[in-house]
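Comments concern the structure below.
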Protein chains: 2
Amino acid sequence: MNQLTIVKIGGKIVENPEALNALLKDFSLIAGYKLLVHGGGRSATDMAEKLGIKSEMIEGRRVTDEETLKIVTMVYGGLVNKNIVALLQALKLDAIGLTGADMNSMLAAKRPATDIDYGYVGDIKKVNGSVLSELLHLNYIPVLSPITHDGEGQLLNTNADTIAGEVAKALTFDFNVRLIYCFEKRGVLKDEKDENSIIPCMDKELFSRYKDEGIIQGGMIPKLENAFGAIAAGVKEVIITRASELNNGTGTFIQ
Amino acid sequence: MNQLTIVKIGGKIVENPEALNALLKDFSLIAGYKLLVHGGGRSATDMAEKLGIKSEMIEGRRVTDEETLKIVTMVYGGLVNKNIVALLQALKLDAIGLTGADMNSMLAAKRPATDIDYGYVGDIKKVNGSVLSELLHLNYIPVLSPITHDGEGQLLNTNADTIAGEVAKALTFDFNVRLIYCFEKRGVLKDEKDENSIIPCMDKELFSRYKDEGIIQGGMIPKLENAFGAIAAGVKEVIITRASELNNGTGTFIQ
């Protein structure tokens, strides 16, 4: 099977033109098939603020009312996505930016309101692996924004880490998939204050223990859960690393 | 050759959810291959106003400074484009929204500043007809937003009427192309105040005469110039009509 590398980048990189350029250059050097998933992070919060709309976050997830959905569609699906695509084109990578609505590539269901109503947040129902695989074989680089749809005309806001994980799983039928989560740290750290305390390898057992001990907490928990879910579904390798060290072979390897 | 219908819709329809839904339903009923081009009109101006950015228009064309480019990329390339794609998916049309950067579908050059500096406005250099044709043959419905790129990482704002005309021309190699420009009136009117004074047919000679006589003026002139340019390049038929009468066979026929 062919090798596919999926890289997920977050808000901090997307907001910094220099860091983004450097990351995209590194991305362009990856051999084999590749696909990019981006978040948008603070840029949507900033835009909401400018427009006088308050952003509510619960456990690191944005509550998406109608106005907030418009903003994330504009910022993530438009500004961030199209800038990345244009920059990749300049690097001679034939990129194509997609939301889940485009080519029906990612179908989601609006999360039912329980104690918490997340609003227009979508949980992935189906990634259309064959469409993405077709694009890859035609040598296009899919650039996925964290916007999905419900198939009935409604766009939805979906966590970019989740998208990266689900897309990785959906493409195992056709590729040896390697999934790289880029974030601000050099890997999963044992001691948050010590950049050199990278945990080099982690399996489910170690994850469980570190979670119990409070060493791993917050936003890292769902990220790692996505990673282990991907491994369980046939993804060969998940790496958590810093964007600037994308091709350095450093980071935390999940197996 | 296969029949292809290209429909261009403007800002007024895009801003009105009911009118947009009705238009997309009519669009879905068109037989044969089809492609949609949309503008964004006032929605970008409204967003700019909310953000405290002034929009400058010269001869019906927006002056696009850096901030305005961000707004049109967000609103046209994101919000408007992705909403249309999601609505078409709900109508079981497998739509894909594109800017010119996506798949390198529309390459443009930044318009050189002369007396007037339009800023980040792009004049089309090349529509990638083979990519669009490939998508159409795979039964995707391309939905084009009026954002192009220069191939060197810069997004550009391009007039949607021009895009519709250039895309129509670029697809004549593979299709019998019919191009329908939707706008607020039922066709090109002889008397602006009389909705029933539609000019049923127009050739270049009549256009020239009406232009000299001041019957045709303003934004209609570049629209018609695009239309005649398309006909000269092999497009079979250009129709100017009201969106709500898309399939009624009314309007002004350009030949």
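No value in this document is a laboratory result; all are computed from the given coordinates. These numbers come from a predicted model, not from an experiment. Note: ideal-geometry Cβ built from the backbone for every residue, glycine included; neighbour counts use all protein chains shown.
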Kirkwood Rh in Å, taken over all unlike Cα pairs in the stretch A:146-230: 14.6
Pairs from A:Lys8/B:Lys8; A:Lys70/A:Lys125; A:Lys50/B:Lys125; A:Lys70/B:Lys50; B:Lys54/B:Lys125; A:Lys8/A:Lys185 whose Cα-Cα separation, in the structure shown, is over 24 Å: A:Lys8/B:Lys8; A:Lys50/B:Lys125; B:Lys54/B:Lys125
Förster-model FRET efficiency, 35 Å R0, B:Glu152 and B:Glu225, C-beta, rounded to 0.05: 0.75
Cα-based shape type of the protein assembly as shown, given that a ≥ b ≥ c are square roots of the gyration tensor eigenvalues and the cut on a/c is 1.5: prolate
Per-pair calculated FRET efficiency, R0 = 35 Å: A:Ala232 and A:Ile58 via Cβ, rounded to 0.05: 0.85
Cβ-based net charge around B:Leu138, under 12 Å, with every Lys or Arg adding one and every Asp or Glu removing one: -3
Across the identical copies, how the A:Gln255 labels are spaced - nm, sorted shortest first, 7 Å along Cα→Cβ: 7.4
Ranked B:Ser105, A:Ser55, criterion: other C-beta atoms within 10 Å, fewest first: A:Ser55, B:Ser105
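In deg cm²/dmol and to the nearest 500, what is the mean residue ellipticity at 222 nm of the protein assembly as shown if only DSSP H runs of at least 4 residues count, each as -39500 (n - 2.57), divided by the residue total?
So the helix-based figure for the protein assembly as shown works out to -9500 deg cm²/dmol.
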Peptide-level mean, for A:41-50, of C-beta atoms on other protein chains within 10 Å: 1
Distance from the stretch B:217-255 to the stretch A:213-236 (C-alpha centre basis), Å: 56
Radius ratio Rg over Rh of the stretch A:2-254, counting only Cα atoms, Kirkwood formula for Rh: 0.94
Euclidean distance between Cα centres, the stretch A:57-98 to the stretch A:4-55, Å: 8
Paramagnetic reach from B:Asp94 (point 7 Å along Cα→Cβ, amide N under 12 Å) across the stretch A:86-120: A:103-105
Residue list for the stretch A:185-205, given a label point 7 angstrom along the Cα-to-Cβ vector of A:Gln255 and an amide N cut-off under 14 Å: A:200-205
